[in-house]
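Notes to accompany the following structure.
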(Lines give C-alpha, C1' and ligand atoms only; values in the text may rest on other atoms or scores of the structure.)
Protein backbone atom coordinates (compact mmCIF):
# COMPACT_ATOMS: atom_id res chain seq x y z
CA UNK A 1 0.00 0.00 0.00
CA UNK A 2 1.06 3.49 -0.58
CA UNK A 3 0.64 4.73 2.92
CA UNK A 4 -2.79 6.14 2.49
CA UNK A 5 -5.74 4.62 4.17
CA UNK A 6 -8.35 3.29 1.84
CA UNK A 7 -11.87 4.54 2.20
CA UNK A 8 -14.73 2.19 2.48
CA UNK A 9 -17.29 2.00 -0.34
CA UNK A 10 -19.85 3.95 1.68
CA UNK A 11 -17.62 6.98 1.92
CA UNK A 12 -17.02 6.90 -1.84
CA UNK A 13 -20.74 6.73 -2.55
CA UNK A 14 -21.39 9.67 -0.22
CA UNK A 15 -18.70 11.73 -1.96
CA UNK A 16 -20.14 10.90 -5.40
CA UNK A 17 -23.65 11.78 -4.22
CA UNK A 18 -22.40 15.10 -2.81
CA UNK A 19 -20.61 15.91 -6.08
CA UNK A 20 -23.75 15.08 -8.10
CA UNK A 21 -25.87 17.26 -5.79
CA UNK A 22 -23.40 20.13 -6.19
CA UNK A 23 -23.39 19.68 -9.97
CA UNK A 24 -27.23 19.54 -9.97
CA UNK A 25 -27.41 22.73 -7.94
CA UNK A 26 -25.08 24.45 -10.41
CA UNK A 27 -27.20 23.30 -13.37
CA UNK A 28 -30.38 24.38 -11.57
CA UNK A 29 -28.83 27.76 -10.84
CA UNK A 30 -27.78 28.12 -14.48
CA UNK A 31 -31.27 27.07 -15.61
CA UNK A 32 -32.90 29.54 -13.18
CA UNK A 33 -30.57 32.28 -14.37
CA UNK A 34 -31.42 31.50 -18.02
CA UNK A 35 -35.12 31.50 -17.16
CA UNK A 36 -34.83 34.91 -15.50
CA UNK A 37 -33.01 36.25 -18.56
CA UNK A 38 -35.74 34.88 -20.84
CA UNK A 39 -38.44 36.43 -18.64
CA UNK A 40 -36.64 39.79 -18.68
CA UNK A 41 -36.30 39.60 -22.48
CA UNK A 42 -40.00 38.69 -22.83
CA UNK A 43 -40.97 41.60 -20.57
CA UNK A 44 -38.81 43.95 -22.64
CA UNK A 45 -40.38 42.70 -25.90
CA UNK A 46 -43.90 43.07 -24.45
CA UNK A 47 -43.08 46.64 -23.43
CA UNK A 48 -41.79 47.37 -26.96
CA UNK A 49 -44.96 45.86 -28.44
CA UNK A 50 -47.21 48.02 -26.25
CA UNK A 51 -45.26 51.18 -27.10
CA UNK A 52 -45.33 50.35 -30.82
CA UNK A 53 -49.07 49.65 -30.71
CA UNK A 54 -49.66 52.98 -28.93
CA UNK A 55 -47.47 54.80 -31.44
CA UNK A 56 -49.38 53.21 -34.33
CA UNK A 57 -52.70 54.26 -32.83
CA UNK A 58 -51.41 57.83 -32.42
CA UNK A 59 -50.28 57.88 -36.06
CA UNK A 60 -53.71 56.63 -37.17
CA UNK A 61 -55.49 59.34 -35.17
CA UNK A 62 -53.13 62.07 -36.40
CA UNK A 63 -53.54 60.95 -40.01
CA UNK A 64 -57.33 60.87 -39.70
CA UNK A 65 -57.28 64.38 -38.22
CA UNK A 66 -54.97 65.63 -41.00
CA UNK A 67 -57.19 64.12 -43.70
CA UNK A 68 -60.29 65.66 -42.12
CA UNK A 69 -58.59 69.08 -42.02
CA UNK A 70 -57.43 68.68 -45.60
CA UNK A 71 -61.03 67.99 -46.67
CA UNK A 72 -62.41 70.88 -44.63
CA UNK A 73 -59.84 73.46 -45.72
CA UNK A 74 -58.85 72.25 -49.19
CA UNK A 75 -60.56 75.16 -50.89
CA UNK A 76 -59.29 77.83 -48.50
CA UNK A 77 -56.66 79.27 -50.88
CA UNK A 78 -59.08 79.09 -53.84
CA UNK A 79 -61.77 80.79 -51.76
CA UNK A 80 -59.42 83.63 -50.79
CA UNK A 81 -58.56 84.22 -54.45
CA UNK A 82 -62.24 84.25 -55.42
CA UNK A 83 -62.92 86.98 -52.87
CA UNK A 84 -61.07 89.43 -55.13
CA UNK A 85 -63.44 88.54 -57.97
CA UNK A 86 -66.46 89.01 -55.71
CA UNK A 87 -65.13 92.37 -54.50
CA UNK A 88 -64.72 93.50 -58.11
CA UNK A 89 -68.29 92.47 -58.96
CA UNK A 90 -69.66 94.26 -55.89
CA UNK A 91 -67.78 97.46 -56.76
CA UNK A 92 -69.20 97.28 -60.29
CA UNK A 93 -72.74 96.90 -59.00
CA UNK A 94 -72.27 99.72 -56.49
CA UNK A 95 -71.10 102.09 -59.21
CA UNK A 96 -73.75 101.01 -61.74
CA UNK A 97 -76.01 104.00 -61.07
CA UNK A 98 -73.40 106.65 -61.82
CA UNK A 99 -71.17 104.80 -64.31
CA UNK A 100 -71.33 104.90 -68.08
CA UNK A 101 -71.96 101.83 -70.17
CA UNK A 102 -68.35 101.80 -71.38
CA UNK A 103 -66.91 101.87 -67.86
CA UNK A 104 -69.29 99.09 -66.75
CA UNK A 105 -68.24 97.01 -69.74
CA UNK A 106 -64.58 97.71 -68.98
CA UNK A 107 -65.09 96.72 -65.32
CA UNK A 108 -66.87 93.52 -66.31
CA UNK A 109 -64.07 92.59 -68.69
CA UNK A 110 -61.48 93.24 -65.95
CA UNK A 111 -63.46 91.09 -63.51
CA UNK A 112 -63.74 88.29 -66.05
CA UNK A 113 -59.99 88.51 -66.66
CA UNK A 114 -59.36 88.34 -62.89
CA UNK A 115 -61.62 85.28 -62.62
CA UNK A 116 -59.85 83.58 -65.54
CA UNK A 117 -56.43 84.20 -63.97
CA UNK A 118 -57.63 82.79 -60.65
CA UNK A 119 -59.06 79.70 -62.31
CA UNK A 120 -55.87 79.16 -64.31
CA UNK A 121 -53.78 79.56 -61.15
CA UNK A 122 -55.65 76.59 -59.64
CA UNK A 123 -55.49 74.39 -62.75
CA UNK A 124 -58.98 75.06 -64.13
CA UNK A 125 -58.81 75.27 -67.92
CA UNK A 126 -61.54 76.02 -70.48
CA UNK A 127 -62.61 73.37 -72.99
CA UNK A 128 -63.16 75.39 -76.16
CA UNK A 129 -63.88 72.84 -78.90
CA UNK A 130 -65.20 75.02 -81.74
CA UNK A 131 -64.16 73.46 -85.07
CA UNK A 132 -62.63 70.36 -83.43
CA UNK A 133 -63.92 66.80 -83.90
CA UNK A 134 -66.60 65.82 -81.40
CA UNK A 135 -65.07 64.05 -78.35
CA UNK A 136 -67.62 62.45 -75.99
CA UNK A 137 -65.00 62.54 -73.21
CA UNK A 138 -65.07 66.36 -73.15
CA UNK A 139 -68.18 67.38 -75.11
CA UNK A 140 -71.91 66.91 -74.70
CA UNK A 141 -73.85 67.14 -77.95
CA UNK A 142 -77.19 68.87 -77.52
CA UNK A 143 -78.12 68.82 -81.21
CA UNK A 144 -76.87 68.29 -84.74
CA UNK A 145 -77.19 70.64 -87.68
CA UNK A 146 -75.93 70.60 -91.25
CA UNK A 147 -72.88 72.75 -91.91
CA UNK A 148 -70.73 73.58 -94.92
CA UNK A 149 -68.05 75.23 -92.77
CA UNK A 150 -66.81 72.18 -90.80
CA UNK A 151 -66.49 68.46 -91.44
CA UNK A 152 -69.34 66.17 -90.36
CA UNK A 153 -68.88 65.04 -86.75
CA UNK A 154 -67.09 68.27 -85.80
CA UNK A 155 -68.27 70.95 -83.39
CA UNK A 156 -70.18 73.73 -85.15
CA UNK A 157 -70.99 75.89 -82.12
CA UNK A 158 -70.36 75.93 -78.39
CA UNK A 159 -73.47 76.62 -76.33
CA UNK A 160 -71.72 76.38 -72.97
CA UNK A 161 -67.96 76.11 -72.35
CA UNK A 162 -66.58 73.09 -70.57
CA UNK A 163 -63.86 73.06 -67.93
CA UNK A 164 -61.15 70.68 -66.73
CA UNK A 165 -59.33 70.64 -63.41
CA UNK A 166 -55.73 69.51 -63.87
CA UNK A 167 -56.78 67.47 -66.90
CA UNK A 168 -59.86 65.95 -65.26
CA UNK A 169 -63.25 66.98 -66.63
CA UNK A 170 -65.26 69.28 -64.37
CA UNK A 171 -68.02 70.05 -66.85
CA UNK A 172 -68.36 68.95 -70.47
CA UNK A 173 -68.77 71.60 -73.15
CA UNK A 174 -72.33 71.67 -74.49
CA UNK A 175 -71.98 71.73 -78.25
CA UNK A 176 -73.82 71.54 -81.56
CA UNK A 177 -72.29 68.99 -83.89
CA UNK A 178 -72.18 69.08 -87.70
CA UNK A 179 -74.51 66.52 -89.26
CA UNK A 180 -73.39 64.22 -92.07
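Does residue 98 satisfy the condition of being assigned to a strand (DSSP E or B) and over 40 Å from the mean Cα position of the chain (by Cα)? Answer is no for this residue. Look at (1) in contact with a helix residue (DSSP H, G or I) (Cβ under 7 Å, 6 or more places away or on another chain); (2) more than 17 Å from residue 116 (Cα to Cα) and you find that residue 82 fails only one, number (2). Checked against (1) crowded, with 16+ Cβ neighbours inside 10 Å; (2) out of contact with any strand residue (DSSP E or B) (no Cβ under 8 Å at 6 or more places or on another chain), residue 178 passes all but a single condition, namely (2).
Sub-7 Å Cβ pairs linking a first residue in segment 88-100 that is within 18 Å of residue 114 (Cα to Cα) to a second residue that is surrounded by 14 or more Cβ atoms within 10 Å (Cβ to Cβ), at least 6 apart or interchain, are 88/111; 88/114; 89/111; 92/104; 92/107; 92/111, ordered by first then second residue. Of all residues in segment 132-147, at least one satisfies being surrounded by 15 or more Cβ atoms within 10 Å (Cβ to Cβ), in contact (Cβ under 8 Å) with a residue 40 or more places away in the chain and assigned by TED's automatic domain parsing to the domain that holds residue 165. Checked against (1) under 30 Å from residue 124 (Cβ atoms); (2) out of contact with any helix residue (DSSP H, G or I) (no Cβ under 6 Å at 6 or more places or on another chain); (3) in the same structural domain as residue 115 (by TED's automatic domain parsing); (4) modelled with pLDDT of 85 or more, residue 66 passes all but a single condition, namely (3).
The values are calculated or read from the model by the stated rules, or taken from the named source; none is laboratory data. Please read all numbers here as calculations on a predicted model, not as lab measurements. All Cβ positions, glycine included, derive from the backbone under ideal geometry; neighbour counts span all protein chains shown.
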